[in-house]
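Below is one structure, written out as structure tokens; the observations come after it.
The values are calculated or read from the model by the stated rules, or taken from the named source; none is laboratory data. Since the model is a prediction, treat every value here as computed from it, not as a measurement. So basically every Cβ, Gly included, is an ideal-geometry build from the backbone, and we count neighbours across all protein chains shown. For the accessible areas, the whole protein counts, side chains as well, though only heavy atoms, and no ligand, DNA or RNA atoms are used. Shrake-Rupley method; radii C 1.70, N 1.55, O 1.52, S 1.80 Å.
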Amino acid sequence: MSPERTPTVAAPTAEHHREAMGIGEPSPRISWKTTAPAGWTQHGYQLEATRTDGTRRTDWVTSQDSVLVPWPTAPLASRESCEIRVRVRGSDLTVSAWSPPLRIETGLSEPTDWTAHAISPQDPERAAARRPPLLRKEFAVVGAEVERARLYVTAHGLYEIEINGRRVGDHALAPGWTSYHHRLRYQTHDVTDHLRTGANAIGAWLADGWYRGRLGFDGGHADLYGDRLALLAQLEIVHRDGSVTVIGTDTSWRAGRGPILSSGLLDGETYDAREELPGWSSPGFDDGGWSPVTLVARDPATLVAPTGPPVRCTEETEPVLVTALDGDRLLVDFGQNLVGRVRITVSGPAGHTVVIRHAEVLQNGELCVRPLRDAVSTDRYTLRGGGPETWEPRFTLHGFRYAEITGWRGGDPGRDIVARVHHTDMARTGWFACSHAQVNRLHENVVWSLRGNFVDLPTDCPQRDERLGWTGDIQIFAPTAAFLYDCHGMLASWLRDVAVEQHDDGTVPWYVPQIPGGEQWTPARPGAGWGDVVALTPWDLYRASGDAGLLAAQYDSARRWVDLVTELADESGLWSRGYQLGDWLDPFAPPHDPGAGRTDRHLIATAYYAWSARHVAWTAGVLGREDEQRRYERLADRVRRAFVDAYVLPDGTMSSDTQTACAIALQFDLLPDAEARATAGRRLADLVAAGGHTIQTGFIGTPLVTPALSATGHDDTAYSLLLQQECPSWLYALRHDATTVWERWDSMLPDGTVNPGEMTSFNHYALGAVAQWLHNTVAGLTAGAPGYRDVVFRPRPGGGITWASATHESPYGRVAIRWELRDSRLTVETTVPTGATGRIEWPDGSVTDLPTGTSTHSRPAACRPAGDHADTSATQRSLA
Ligand code: BGC
């Protein structure tokens, strides 16, 4: 075997974990990526697991699989660590070297592993002005040397832990927001280096967060999960002689008052540095004045390990412009609408207070906070005096581009004021670029809106008094998100919450976790496009990741939804009654009634019903449930027929003569034949042209219009829509310096004033779903099979764009395309990873099968034939 033909294998991964520390899966599935010469194919693999009781290799497994293969040995026990390596053998009998190892460690897998009890400060502490408490305990490390130490920790509320004066980990807003009554996440930290022989101390900051802080609109609600903050921590110290010391939260801990005077996710944080207690989390601190704690109930059976990464600071950014305003105020422009918080370094007299307010936009040179509604988003820092003091709030986040700082006492604002960007720290997996600078900026804005709204759960917006896990928004955006970031672990957790909060009758809440939302939203009612998240999003994630396990986990939830809609539908199969949001925020809907778009709400509802039924059938097929597959196929067919009978007129146009109606019929594969598709495509193109290539669609229609145009041979019209600059359009926002995607097409009105509507977010990802069309049609990169095991490159140049590229870090490795129009030729460079197959489908209909690796191909830049291009349509989406 010659060395250049030998494949190499990168360190494997377990499930969707970025860091496999403290995981909850006893038998995690393993994936790896191989780099091998073109033509090499895997014929088998061998896994090696090194566990405490020795190293074992599996027999060679004859398989071409390398994504989420079954765990090779006995399930991992609680707290067990293990190293996994893999090597692969080709059909040419070449064998790779062993991959670098992946270290996996499980958390506390059994409820009985928890010996600690949740503790809460006693009464007087908990009520007093909601001042976030501190908890502490001293302990001794004695006996044999410490081999390793782990901290398993969670809270009712938010927490940060310190051991011997040093912060543990870098997670923000831990333990995150789950459906707390059912599932509370805990985190596992390696704290071996924090400990020392002899006296030690552990301390915790607690704050209200989602558990008992004010959440929600119309004034919001506090104490949604309880009125007591609590900490549950279990520090396990394993000594070299095998003995174990456990320091758990119990009644020996003490509670005190910290320097945070108040903290709220919506309201911001108030901190008085004069109230700091130096040394409080180190041994030797006098906590004589502190109070006892009491035990509070927490069922350990509800504690779950994370399936995705934590929220972290992922980037710091300096101001691009600082302007002095009257009254001791600075106006700071960070140049980017982001989610995070401001860190300041100031010097001044003790007792001086610096106030930081946040906003996404300005009006008349001042912060415009009206769009925040009841979110106060104000941080206050009172100086201790005596030197430069650096501060950043701990338990809040804001959505902002601008900050107004009153009472600034820092040095150079460009150095001493920093915005720290926070979100779930997912790995970036997708990139796009093209020759059109504004399209690139639009794409960049989509990425920023994703970052700002993937904060432990997928939210609608990050700035106003909402920030909720709206089901419709992520249903629309999930395919785009799954291209750009590895969001599978995070969304898998959230989908569990959706399933546990799904009502007994199958109703899916409008947002999850569900909190009171006034009579429009609670109790929840079944709503098309929103509730369908349970059937569509697992499938979208499966398409991106190849993870059929997620389909299995969510199948019941999906099925229950479709069964509910079946009960709600009329005899013919139409979902023709009940409350619906329709094509939410259709620009033609009156501002006070965003659901009153021009497309019949029940046409949309029935289309979603058919589409979800189809997805349940596909899902049942993947899961090998053949009877159910047939049953839901029949249902989907029946609803499709009802849809056509009710909403498609004899001349092939739709009863609602709108872009959304045409696009949904095309993209949800509801039309009976190619002729009907062609008619709908033509009508759609005509409607787009008649609308002057401005947007005429809302949340539901917008993501479907460009793919539907492309699927029916109207790329030119799709490009005209993309490149439109007048309002409403994607690029219109750029004329108003948008750096994120807006909720409304005209969140900023053409005259530069902020839309007076109730809902005027400048950071909503839903309408950014057009980015997936940029990826799969403008650049031309699509998954032909789940997990990109087959890749289809289908570039469709247009709109005067002379080159475009997309790259995706797929489960098999890097997939990439870059095309260029030069000298009347279309030249395409593609990369297909080992383990995947790929082909180019040229605009003229011809096909080039691709080798793995990078290769370049070229064709005359001919006109494409007219007709149905079924490319980004339902058929493509459905390939299982
Ligand atoms: C949210 C959404 C959501 C919608 C539901 C809004 O307030 O911000 O994006 O989907 O309500 O109608």
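Anisotropy class assigned to the stretch 232-325 is prolate, per the alpha carbon gyration tensor with a/c at or over the 1.5 cut-off and a/b larger than b/c. Evaluated on the stretch 424-540, the Kirkwood hydrodynamic radius is 15.0 Å, with distances taken between all distinct Cα atoms.
Can you give the helix-only mean residue ellipticity at 222 nm for the chain, where every DSSP H stretch with n ≥ 4 adds -39500 (n - 2.57) and the sum goes over all residues, rounded to the nearest 500 deg cm²/dmol? For the chain, the value works out to -6500 deg cm²/dmol.
Starting from the Cα gyration tensor of the stretch 89-226, take the square roots of the eigenvalues, sort them a ≥ b ≥ c, and report rounded, prolate or oblate (rounded when a/c is under 1.5, otherwise prolate if a/b is larger than b/c, else oblate). Judged from the Cα gyration tensor, the stretch 89-226 comes out oblate (a/c at least 1.5, b/c at or above a/b). When the convex hull of its Cα atoms is viewed from all sides, the stretch 151-299 shows a mean projected area of 10.0 nm². Using the 1.4 Å probe convention, the accessible area of the chain works out to 34 Å² per residue with neighbouring protein chains retained.
Sorting the Cα pairs of the chain by distance into bins of 20 Å, from 0 upward, gives 14, 45, 34, 7, 0 percent per bin. The portion of the accessible surface of the chain made up by carbon and sulfur, rounded to a whole percent, is 50 (1.4 Å probe; DNA, RNA and ligands excluded). What the Cα atoms of the stretch 1-119 give is an Rg and a Dmax of 16.4, 63 Å. Each listed q (0.15, 0.19 Å⁻¹) maps to a log10 I(q)/I(0) for the stretch 739-815 from the Debye sum over equal C-alpha point scatterers, namely -0.69, -0.84.
Annotation for the stretch 368-404 versus the stretch 280-345: alpha-carbon center distance of 10 Å.
Take each uninterrupted DSSP H stretch in the chain, measure its Cα extent along the helix axis, and return the ones at 18 Å or beyond whose mean Kyte-Doolittle hydropathy is at least -0.5. Answer set is 471-484, 488-501, 548-568, 601-622, 674-690.
Checking the a/c ratio against 1.5 first, then a/b against b/c, what shape does the Cα gyration tensor give for the stretch 334-394? Because a/c hits 1.5 or more and a/b exceeds b/c, the stretch 334-394 counts as prolate. Taken about its Cα centre, the chain carries a charge dipole of roughly 1260 debye when the Cβ of each Lys and Arg holds +1 and the Cβ of each Asp and Glu holds -1.
Would you mind pulling out the separation of the Cα centroids of the stretch 645-673 and the stretch 171-244, in Å? Using only Cα atoms to place each centre, the spacing works out to 52 Å. Note on Cys313: accessible area approximately 40 square angstrom, rounded to 10, probe 1.4 Å, nucleic acids and ligands left out.
When both bridge partners sit in the chain, DSSP labels roughly 95% of those beta bridges antiparallel.
When only the Cβ of Lys, Arg, Asp and Glu is charged (+1, +1, -1, -1), the dipole of the stretch 156-201 relative to its Cα centre reaches about 120 debye.
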